[in-house]
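The values are calculated or read from the model by the stated rules, or taken from the named source; none is laboratory data. If you're wondering where the values come from, they're calculated on a predicted model, not measured in any experiment. For neighbour counting, all protein chains shown are included, and Cβ atoms are generated from backbone atoms with ideal geometry for every residue, glycine included. In case anyone asks, the SASA skips ligands and DNA or RNA and just uses the protein heavy atoms, side chains included. Shrake-Rupley method; radii C 1.70, N 1.55, O 1.52, S 1.80 Å.
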Amino acid sequence: MEKKGLSCYSLKGNLCYTPNKDEFCIIENGYVVCKDGRCAGVYETLPEKYKNFPCMDYGDRLILPGLVDLHVHAPQYAFRGIGMDLELIDWLNTHTFPEEQKYKELDYAKRAYRIFGEDFIQSATTRACIFGTIHTEATLWLMEFLEKAGMSAYVGKVNMDRNSPDNLCEAGWRQAAEDTEKWILQCKNLKQVKPILTPRFIPSCSDELMEALSKLQKRFHLPVQSHLSENLGEIQWVRELCPDTSCYGEAYDKYQMFGGECPTIMAHCVHSTEEEQKMMKEQGVFVAHCPESNTNLSSGIAPIRRYLENGICVGLGSDVAAGTSLSMFRVMAMAIQCSKLRWRLTDQRLAPLTVSEAFYLATKGGGAFFGKVGSFEQGYEFDALVINDEEIRSPRKLTVKERIERLLYLAEDRHIIAKYISGREIFSKEA
Ligand code: GUN
Ligand code: FE
């Protein structure tokens, strides 16, 4: 069936989404209607007015909103699963920076980004916030590759002009700002894959560079992504580098790159102080919670339950390659598992995350950074996954809710049989 380019249709199957963090909305053998790339509603029986839309009948398959990865490093995919025996700063110096240097060579970058891109397209992720490297050409190539595949993402050319190895350090803040401006202008023709300003983290960005990026932010109205309060040694280092700030977050806020008028994602926030949390809440900063990364680099476990109670915006991130897997199903499972360990070992006041909360964080929670994304409620962008879970065998007759629950722990990319972003079919393997 010709589906590419169709903007009005319906999908039939077992629908599941979380309108809020405490509630799974499940419609068995229901219809979700796509109209001009947006969700027109979910129905048990199809309303008359949509009966002339083509309907893809997925039978007993599961249909859920696409998953959102708020934090992933594309160049680090090359060494996923390798070198996990160090903490953050040593890990960066030993494994990460030597790999990222290689993206100066466009041939290497193309080979590496093709592998990342192809796997990423097959994954459950429909929206992502991606770090590239400091290299403009390679970053643009990645953006164009993802755009051609129909993916929707923010991608950042990374900025770093201090405390970085010679061959992975921009040649002064002026050059860094000039290259970044040029890159922003080169992104003009891209529609679904957009630029996001990406100061790597405070230790690798001089005051002058932060000032210059702040000016670019205001001029082009770009969002910002970075790292925050990930590791205790890193936080101490920031204290020494910025003696005039009372918390790490203030070192971004000083340059108006910490929410407010500037949409901002901060990865990790494992050790954010109360003052920092207050700023994040008041200024609408998004936390990208990356539980696998925080485990692998022994960074700690972020108090996500507290952030939710306090009304901070939270989504999930794979943080490859500190996290090993692009699977946002795996990240949901780890978010729950880490919250249980934190509850048991360090703070019995903060109850573990539930399945619906993890699902919400990976869909509507992170999706909010992109606007109306991550739900099948009316008006939401039509991002959807169709899952065939037959292969996950059981002698029991499972309910749809049980089938959704086990996906967090058991789903593999091969179970995803179709993927849609803003109504566009990215791939379809059956039906
Ligand atoms: N902080 C600065 N750079 C990085 C990075 O590449 N990964 C992680 N996890 N933290 C960082
Ligand atoms: Fe990261």
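Couple of notes before you dig in:
- In the range 183-198, the residue that is farthest from residue 127 (Cα to Cα) out of those that are open to solvent by 10 Å² or more (accessible area, probe 1.4 Å) and in a strand (DSSP E or B) is 195.
- Residue list for the range 61-108, filter: surrounded by 24 or more Cβ atoms within 10 Å (Cβ to Cβ), over 30 Å from residue 13 (Cα atoms) and more than 13 Å from ligand 2 (Cβ to nearest atom): 103
- Considering residues of the range 222-240 that are farther than 23 Å from residue 73 by Cα and open to solvent by 80 Å² or more (accessible area, probe 1.4 Å) only, the residue farthest from the chain's Cα centre (by Cα): 240
- The range 122-158: number of residues that are within 14 Å of the chain's Cα centre (by Cα) and either outside any strand (DSSP E or B) or more than 26 Å from residue 429 (Cβ to Cβ) (or both): 9
- Among the residues making up the range 284-321, those that are of a type in the set (Asp, Glu) and within 13 Å of ligand 1 (Cβ to nearest atom) are 292, 319.
- Among the residues of this structure, residue 262 does not count as one that is open to solvent by less than 30 Å² (accessible area, probe 1.4 Å) and within 16 Å of ligand 1 (Cβ to nearest atom).
- Residue 131, sole failed condition from (1) touching a residue at least 60 places away in the same chain (Cβ under 8 Å); (2) under 15 Å from residue 77 (Cβ atoms); (3) open to solvent by 20 Å² or more (accessible area, probe 1.4 Å): (3)
- Every test in (1) hydrophobic (A, V, I, L, M, F, W, C); (2) surrounded by fewer than 18 Cβ atoms within 10 Å (Cβ to Cβ); (3) in a helix (DSSP H, G or I) is passed by residue 392 save one, and that test is (3).
- Within the range 312-356, the residues that satisfy the criterion of being surrounded by fewer than 22 Cβ atoms within 10 Å (Cβ to Cβ), within 20 Å of residue 23 (Cβ to Cβ) and among the polar types (S, T, N, Q) are 354, 356.
- Segments classed as helices (runs of 4 or more DSSP H), wholly inside the range 205-305, with at least 3 members that are within 16 Å of ligand 2 (Cβ to nearest atom): 232-241, 291-296
- Total residues in the range 165-182, condition among the small types (Gly, Ala, Ser) and open to solvent by 20 Å² or more (accessible area, probe 1.4 Å): 2
- For the range 407-431, the set of residues classified as open to solvent by less than 40 Å² (accessible area, probe 1.4 Å) and out of contact with any strand residue (DSSP E or B) (no Cβ under 6 Å at 6 or more places or on another chain) consists of 407, 408, 411, 425, listed by residue number.
- Count of the range 357-374 residues which are on the phi > 0 side of the Ramachandran plot and open to solvent by less than 10 Å² (accessible area, probe 1.4 Å): 1
- Restricting attention to the range 150-164, the residues that are in contact with a strand residue (DSSP E or B) (Cβ under 7 Å, 6 or more places away or on another chain) and either on the phi > 0 side of the Ramachandran plot or open to solvent by 30 Å² or more (accessible area, probe 1.4 Å) (or both) total 2.
Listed here are the residues, each with its yes/no results for (1) outside any helix (DSSP H, G or I); (2) at pLDDT below 95; (3) among the hydrophobic types (A, V, I, L, M, F, W, C); (4) within 24 Å of residue 309 (Cβ to Cβ).
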{"position": "360", "(1), (2), (3), (4)": "no, no, no, yes"}
{"position": "366", "(1), (2), (3), (4)": "no, no, no, yes"}
{"position": "378", "(1), (2), (3), (4)": "yes, no, no, no"}
{"position": "385", "(1), (2), (3), (4)": "yes, no, yes, no"}
{"position": "403", "(1), (2), (3), (4)": "no, no, no, no"}
{"position": "409", "(1), (2), (3), (4)": "no, no, no, no"}
{"position": "414", "(1), (2), (3), (4)": "no, no, no, no"}
{"position": "420", "(1), (2), (3), (4)": "yes, no, no, no"}
{"position": "427", "(1), (2), (3), (4)": "yes, no, yes, no"}
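- Residue count, the range 226-254 (criterion: of a type in the set (D, E, K, R) and within 19 Å of residue 265 (Cβ to Cβ)): 5
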